[in-house]
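Novice: Please read through the structure below; I'll follow up with questions.
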Amino acid sequence: MMFVGFRPILFLVSIGFSSLAFSAATPLSLLVKQCLQLPPLATGLQITDKQKQHDSDSLAQQMTQLEHRLLGFYNIKDRVNYYKQFPIHNDDKESLLNCQFYLSDSLQRFVLSDEFTQLLPQLLNASNTELTQLGQRLYRLLYKQQTREKKSQLHTAQAAFKQGLASQALSLNFNDKRCQLPQNITGSTPEQTPTPFNQSIASYLLQQPNADCRKTIWQAYQARTIHRNTPILNTIIGIQQAYAHKKGFNDYASLQTSTQMLYSPALVSTFLNSQTHSTNIPPWNIGIALKNAEKSPFTALSSADFLDKIYQALTPYGIRVEPISPYIHRVWLNGRLLGELFLSSSHQFSYLPIRHIVVGQQFGQIELKIKDKVLNYQAAKKLISITAMAINDLSQGSHYYFNNTLGETHDSANIGRYWLEYALTQSLIGKPLAKSRDAIIQAYRQQLTVFRAKVALQTYQVNQQAPMKDLSQDFVNAFGDTWPQVNNYPVSFSAIADEGPLYYQSLWQASLGQYLYTSLDHCHDQKAIFNALVVNEKSTKLTERLSHLFNTPITPYELIQKIQNNAPLTCTVAQ
């Protein structure tokens with residue numbers, strides 16, 4: 001596959017909003033107009049006595065017709081999310097926000113309607129597993145609905161919390177001259193003491209040779225929003241706790257985990273504790289550690305050539321990628337067209353879904369933003385990651401949008417993707433060199449995620465089984481140093497405001513995906529594994545799929561123990 005650089009996709013040329021003046025004919029304005037003119041969502045189904053007796057074939061036919069009528073709503077919703085990724089004028093941003101509210105309200109009215117209330121039991125009790133899975137996802141949408149006033153309060157508070165963190169402002173006076181950086185770095189003169197801190201935290205930590213000063217500045221930086229964001233976070237917690245009480249739970253952490261694969265705060269805590277390993281590198285020293293470490297060996301090559309390698313590594317799973325042009329690649333699974341990848345040149349690797357696949361209704365479309373070259377191990381890992389995400393999304397095998405876009409649970413939705421990503425990584429670049437920069441950042445990021453997940457889980461528990469002092473020990477266990485003001489941490493990362501107690505989910509899925517790869521790598525029929533973990537055409541529950549792969553039932557607690565002990569199960573799929 002030869003080409004010189006990447007070209008933007010023709011129909012995406014207009015997304016460079018920051019440099020364009022919008023007129024009434026721009027794609028964004030037309031999208032907003034379409035959005036606000038959408039008619040109310042309705043099933044349009046007539047549930048007959050025959051269907052009430054669970055005639056799944058007849059219900060499936062009508063649901064397919066309903067799916068076709070709702071595709072316009074789904075596609076506009078996805079296109080709005082796509083446009084949100086780009087810098088746009090404030091007026092257009094407000095229009096897009098109005099569209100989002102309109103879509104959210106439309107969906108809420110739909111799931112609260114009498115039509116939907118009548119339909120849902122038929123889906124939940126259908127003998128067709130695909131319809132049952134759809135019913136369970138729609139029930140989740142119904143279950144999590146809050147009043148418009150509460151949703152507005154919550155979204156406003158979450159936005160304010162993130163805005164507070166976006167500020168890099170940190171005003172410090174260096175009474176201790178040792179913590180001032182040398183004059184050739186700061187540009188200060190000897191008379192300018194004490195000197196205000198006025199540069200990025202990362203830059204300072206990287207340039208400051210004194211470890212005590214690095215620790216002081218880092219801890220001050222974590223507390224920079226303590227006065228602004230603490231009351232905002234308390235508002236968010238209050239709204240979510242009240243909602244949990246309304247649903248009959250003691251706290252929001254218990255409510256959120258009750259429908260997950262890890263179905264209780266205690267089970268999540270067990271997993272997080274099992275994943276705690278000391279890096280002996282506190283956050284204020286990570287920059288210095290990376291600066292002094294060597295990179296993993298890697299031969300630079302073009303992104304086009306590396307994509308070719310990824311595509312070749314996908315063939316055992318029945319995936320074939322056909323380049324139609326340098327910037328449009330068509331994806332097939334066992335001869336069935338899944339959709340298209342649109343490649344565009346960028347300064348970073350990223351993944352942007354445009355349209356989701358619905359089998360029998362529409363193909364998927366995904367944009368991959370690609371650098372021209374893959375220069376190192378981390379860049380290769382990132383390109384593998386976004387490609388695995390794209391293949392995972394395009395390969396979803398259901399006839400219904402929500403089955404393909406909402407996981408069976410939040411913490412199991414991407415297990416297949418992480419399995420595929422780890423398999424491709426091992427096949428193409430392997431593990432990073434021991435003690436290399438790549439190995440250090442990988443281990444550090446994992447412990448940072450573990451610690452943040454513990455903080456988030458505890459923050460949303462009313463009767464905290466583990467007091468905050470235990471977090472101090474958790475910090476020592478993960479990073480090998482103390483942090484007396486660890487109670488400042490809840491206001492220092494944005495995910496606590498929206499993901500909340502489910503912050504653990506990416507770590508859990510990545511750990512389980514890696515474990516599944518370890519257990520299943522020796523199996524001969526890799527297509528069957530791909531179909532089970534990614535495609536899932538029959539919409540089978542994950543627990544049943546895992547039981548089939550290993551020919552034994554296995555509980556989440558047993559999985560945690562086996563992941564921790566690195567004790568792989570025996571694969572029973574055509575070895």
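Novice: Can you tell me how many residues within the range 122-163 are in a helix (DSSP H, G or I) and either open to solvent by 70 Å² or more (accessible area, probe 1.4 Å) or acidic (Asp, Glu) (or both)?
Specialist: The qualifying residues number 11.
Novice: Quick one: which residue in 541, 469 is open to solvent by 10 Å² or more (accessible area, probe 1.4 Å) and modelled with pLDDT under 90?
Specialist: So the residue among 541, 469 that is open to solvent by 10 Å² or more (accessible area, probe 1.4 Å) and modelled with pLDDT under 90 is 469.
Novice: Something else now. Taking only the range 391-412 into account, find how many residues are under 13 Å from the mean Cα position of the chain (by Cα), at pLDDT 95 or above and among the small types (Gly, Ala, Ser).
Specialist: Counting residues in the range 391-412 that are under 13 Å from the mean Cα position of the chain (by Cα), at pLDDT 95 or above and among the small types (Gly, Ala, Ser) gives 1.
Novice: Go through the range 394-424 residue by residue and tally those that are in contact with a Lys or Arg (Cβ under 8 Å, 6 or more places away or on another chain) and in a helix (DSSP H, G or I).
Specialist: Number satisfying all stated conditions: 2.
Novice: So which pairs qualify, if the first residue must be in the range 358-377 and among the aromatic types (Phe, Trp, Tyr), the second must be open to solvent by less than 30 Å² (accessible area, probe 1.4 Å) and not in a strand (DSSP E or B), the Cβ gap must be under 7 Å, and the two must be at least 6 apart or on different chains?
Specialist: From the range 358-377, the pairs are 363/357; 377/296; 377/432; 377/438.
Novice: Then there is this: Condition test on residue 288, is it in a strand (DSSP E or B), of a type in the set (Val, Ile, Thr) and touching a residue at least 40 places away in the same chain (Cβ under 8 Å)?
Specialist: Spelling it out, it is not the case that residue 288 is in a strand (DSSP E or B), of a type in the set (Val, Ile, Thr) and touching a residue at least 40 places away in the same chain (Cβ under 8 Å).
Novice: If I ask for residues that are closer than 14 Å to residue 461 by Cβ and surrounded by 15 or more Cβ atoms within 10 Å (Cβ to Cβ), which ones from the range 234-249 would you list?
Specialist: Hits for the range 234-249 are 237, 240, 241, 244, 249.
Novice: Is there any pair with a first residue in the range 322-339 that is closer than 17 Å to residue 531 by Cα and a second that is hydroxyl-bearing (Ser, Thr, Tyr) and not in a strand (DSSP E or B) whose Cβ atoms are under 7 Å apart and which are 6 or more apart or on different chains, and what are they?
Specialist: Close Cβ pairs (under 7 Å, with a partner that is hydroxyl-bearing (Ser, Thr, Tyr) and not in a strand (DSSP E or B)) amount to 333/395; 338/395.
Novice: One residue is enough: does the range 250-265 have a residue meeting the conditions under 17 Å from residue 438 (Cβ atoms), surrounded by fewer than 16 Cβ atoms within 10 Å (Cβ to Cβ) and not acidic (Asp, Glu)?
Specialist: No: zero hits.
Novice: Hey, among the residues in the range 74-98 that are in a helix (DSSP H, G or I) and touching a Phe, Trp or Tyr at 6+ places or on another chain (Cβ under 9 Å), which one's surrounded by the fewest Cβ atoms within 10 Å (Cβ to Cβ)?
Specialist: Per the criteria, the residue is 91.
Novice: On to the next question. Which one is farthest from the chain's Cα centre (by Cα) among residues in the range 88-112 that are among the hydroxyl-bearing types (Ser, Thr, Tyr) and modelled with pLDDT under 90?
Specialist: In this case the residue turns out to be 95.
Novice: In addition: Scan the range 425-435 and tell me whether some residue there is open to solvent by 50 Å² or more (accessible area, probe 1.4 Å), among the hydroxyl-bearing types (Ser, Thr, Tyr) and assigned to a helix (DSSP H, G or I).
Specialist: Yes, there is a match, as at least one residue in the range 425-435 is open to solvent by 50 Å² or more (accessible area, probe 1.4 Å), among the hydroxyl-bearing types (Ser, Thr, Tyr) and assigned to a helix (DSSP H, G or I).
Novice: Collect the residues in the range 345-368 that are under 18 Å from residue 305 (Cβ atoms), in a strand (DSSP E or B) and either among the polar types (S, T, N, Q) or open to solvent by 10 Å² or more (accessible area, probe 1.4 Å) (or both), keeping them in residue-number order.
Specialist: 345, the sole residue that qualifies.
Novice: If only one of 517, 557 is under 25 Å from residue 251 (Cα atoms) and of a type in the set (Ser, Thr, Tyr), which one is it?
Specialist: Criteria check complete, one pass: 557.
The values are calculated or read from the model by the stated rules, or taken from the named source; none is laboratory data. The shown structure was predicted, so the numbers you read here are calculated from the model rather than taken from an experiment. Ideal geometry is used to build each Cβ from the backbone, glycine not excepted, and the neighbour counts take in all protein chains shown. What goes into the accessible areas is simple: the full protein's heavy atoms, side chains included, and nothing from ligands, DNA or RNA. Shrake-Rupley method; radii C 1.70, N 1.55, O 1.52, S 1.80 Å.
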